[in-house]
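Notes follow the structure.
The values are calculated or read from the model by the stated rules, or taken from the named source; none is laboratory data. Bear in mind the structure is a predicted one, so any value in this text is a computation, not a measurement. Note that we place each Cβ from the backbone using ideal geometry, even for glycine, and neighbour counts take in every protein chain shown. All accessible areas refer to the heavy atoms of the entire protein, side chains included, with ligands and DNA or RNA removed. Shrake-Rupley method; radii C 1.70, N 1.55, O 1.52, S 1.80 Å.
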Amino acid sequence: MKAKKVFVINQDSFKNACIKAANVCRNCLKILTLIIGLQVINGSQNAIAQDFNYYAVGSPVLTELYVDPINGNDANNGQSLAQAVRTLHAAFGLIPSGTLASTGYRLNLLDGDYPYDEAHSNYYDNKTGTYQFPIIVSGLNPSSNARIIGGMNLKGFAYLYLMNFKLWAGSEAGSQASNNVLHLETCNHVLLRNLLVQGDTSSPLADTNNSIQEVLKINQAHHVFVEQCEFLGTFQTVVDYFAVQYGHIRNCKIHQSGGRGFYCKGGSAYLLVHANEVYNCREAGIQAGEGSNFPLMVPPWIHYEAYDIKIVNNRIHDIYGAGLTCAGGYNILMAYNTLCRIGLDHPFFGASYGLVELVHGGRSCWPADELGGATGTKNRALELLAMGGWGTAVLYNSGYWIPNRKVFIYNNIFYNPSGYGTRYIQFIANGWITPPTASNIPNPSYTDDSVVFKGNLVWNQTIEPGELIGSNNGSVPGCQLSTSCNPDSLLANNLINELEPQFEDPSNNNFLPAAGGNLSLVTASVVPSFFWDAPTAPLVPTGTLTNDITMDCIGIGRALPAIPGAHVLTSTGITNYPPAAIAKVGYSPISRTIMVSIVKPLGNLTISLSDSSGKTIYSKPLELGDLEIPVANLAQGLYLVSITNGLKWAETHKVLITN
């Protein structure tokens, strides 16, 4: 196969040249922005589609360098264990500047603590690898005890892979490079794998005794892949993405936060958030969108807070705020997640939450030093407005104005067992608002535009009688009347307090479906594809439209029909009399009838009989009382009796017909 010819562009240099040109020819600004926003594709590592594959490192060409915090010497050349350097500053200094063209470099970290580098603040920048010649910083093996004290700040790297070591920063560590433990800015093609990144953990849910604002902070970056890591210990947000496009965060543990577990905002796009465990957070679990300083956003993603984010197969538990939140999102999928003990009322925290929250995203205009202070910030905001961006150029102005559009909330399990529950309401959807004039924001601005709840199983007994849908800002709630998420639609398309899900051991965070339990009765809904109608000024590249979630949180294939939640059934067998069954089904060879006895009438039920090939032989609405289905004309063999409630779930019984 012939290699494709590609043109590799240094995007930062090209972007700066475009901006300079735009200052000369402002009428060209919109055209230049479209070019800046294009992603130059060079191999499968740049693929836009959010698939379920781990990042493929490939077979890079590498020069091995060694770092030993105990016995190394920065006068060494680093090319062997005996010649190991002592500090990260010396090790990064061995990597040439400019784009690597003949070899990549792997910094092999020997076990031990790497003290905080006061002279350089653990700050390293501007090293440019390629897919064939990357820059790898790694412990010697996956169980490495290499630990960097004070965290790290990395800027302007390309093809940077951090693997198999620990970072620790904050008041408990005794030092910190910034208010983050690990900060990545203006980087591209970054892999984080098997890292332990820890901030302050003594007061995980309170805004006290904690100096870490974010454990992992990534801003203005693209193609970022985070795998099998653990992040913990902050007063605000464990993992914070600002203006990050393309990539995934998967199979990570995210916990111990006085604020949120994970959010992506600031025009973040094309991200897969898959198979993570998020827990012990005060304000929110996983959130698409939040609030952003408008002048720092990156064209062309300067409208919504988040585009094309797929939040799937996550286990989210012990969250005092909402488990899932969308705040200014477009084409957001939240599907097949299992949530337990969420939206909890707590007198210390003083807030009442819902299981899911649909709210406006924030937008502001605050002076930024990197833009030249107040004057440069205002000018940049005006440029973004001229391109068609949504925001304000009024300094120090801010508000929650950014709408949601097309948020699909499908096939999740929301479970608050006895003793837990939201205070008043199940779901929050704030009402519409009028955004500021000259902001380019759609008017009115809605939180519930084309929002769909379907196939979800909800078990949440509110502490006090309340409403199905409410708001958290005093507005008349959204999701009313003619909207796609109105109360009638919610009740018709979801199981809400009709069936308490049975897990293996939810009190100990084992959310596998119980063997022979009632989750086998519930059928997930088919998730439709999105269509793309994002703003065109400037033009936003199309994301992944299909929403096929083909595996569960532990990598088992998900075949349709499926059940809701992060796990698939571990056994395909269905017992004749499942716990909490709707009906008992038996066969009488004397009368040659199938006898159905209703145990738990729920209304709006349909009963059908099919043969082993799936052909339907009999179907009718199921009424209260007993039912006999004559089968004298049927051949001997195995048949299936199914009792369904629309597309929400199905209870299936096997019946063997004999003479």
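Shown for segment 48-205: the carbon plus sulfur share of the solvent-accessible area, taken with all protein chains present and a 1.4 angstrom probe, equals 49%.
Just the accessible area per residue of segment 121-264, please: how many Å² with a 1.4 Å probe?
Working: 3660 Å² over 144 residues.
I get 25 Å² per residue for this part.
Leu609 contributes about 0 Å² of solvent-accessible surface, heavy atoms of the protein only, 1.4 Å probe. Across the protein chains, with a 1.4 Å probe defining accessible surface, the residues Glu500, Glu305 rank Glu500, Glu305 from largest area downward.
Across segment 452-495, Cα-Cα pairs more than 13 Å apart make up 60 percent of the total.
Relative contact order for segment 293-370: 35 percent, from Cα pairs under 8 Å spaced at least 6 residues apart, divided by residue count. Size check on segment 347-438: the Cα extents along the three principal axes, sorted descending, read 56, 33, 23 Å.
Over segment 179-308, what portion of Cα pair distances is larger than 26 Å, expressed as a whole percent?
Details: 1149 of 8385 pairs.
Everything past 26 Å amounts to 14 percent.
Each Cα pair under 8 Å and six or more residues apart adds its separation to the average, and for segment 347-498 the resulting relative contact order is 25 percent.
When Rg and Dmax are taken over the Cα atoms of segment 409-548, they come to 18.3, 59 Å.
Ignoring ligands, DNA and RNA, what percent of the accessible area of segment 434-496 is carbon or sulfur (1.4 Å)? Walk me through the numbers on the way to the answer.
Numbers: 1610 of 3030 Å².
C and S fraction of accessible area: 53 percent.
Over all pairs of distinct alpha carbons, what does the Kirkwood formula give as the hydrodynamic radius of segment 228-369, in Å? Roughly 14.8 Å, rounded to one decimal.
Distances longer than 18 Å among the Cα atoms of segment 386-466: what percent of all pairs is that?
Working: 1923 of 3240 pairs.
Above the 18 Å cut-off, segment 386-466 has 59 percent of its Cα pairs.
Against the criterion of solvent-accessible heavy-atom surface with a 1.4 angstrom probe, Glu172, Glu504, Glu383, Glu628 sort, most first, into Glu628, Glu504, Glu172, Glu383. In this structure, the residue pairs whose Cα-Cα separation is over 23 Å, taken from Lys253/Lys454; Lys166/Lys310; Lys127/Lys217, are Lys253/Lys454; Lys166/Lys310. Qualifying chymotrypsin sites (Phe, Trp or Tyr not before Pro) in segment 395-426, where qualification requires a DSSP coil assignment and no more than 15 other C-beta atoms within 10 Å, comprise Tyr396.
Å³ per residue of the Cα convex hull, for segment 93-247?
Numbers: hull volume 16.3 nm³, N = 155.
Expressed per residue, the convex hull around the Cα atoms of segment 93-247 is 105 Å³.
Here the accessible area of segment 223-322 is 34 percent carbon and sulfur, with a 1.4 angstrom probe and all protein chains present.
For segment 96-207, the relative contact order works out to 25 percent when only alpha carbon pairs closer than 8 Å and six or more residues apart are counted. A P(r) calculated from all alpha carbon pairs of segment 479-519, with 10 Å bins opening at zero, reads 28, 30, 24, 18, 1 percent. At R0 = 30 Å, how high is the FRET efficiency between Ile617 and Val526 if r is their beta carbon distance? Nearest 0.05 is fine. Computed FRET efficiency for Ile617 and Val526: 0.80.
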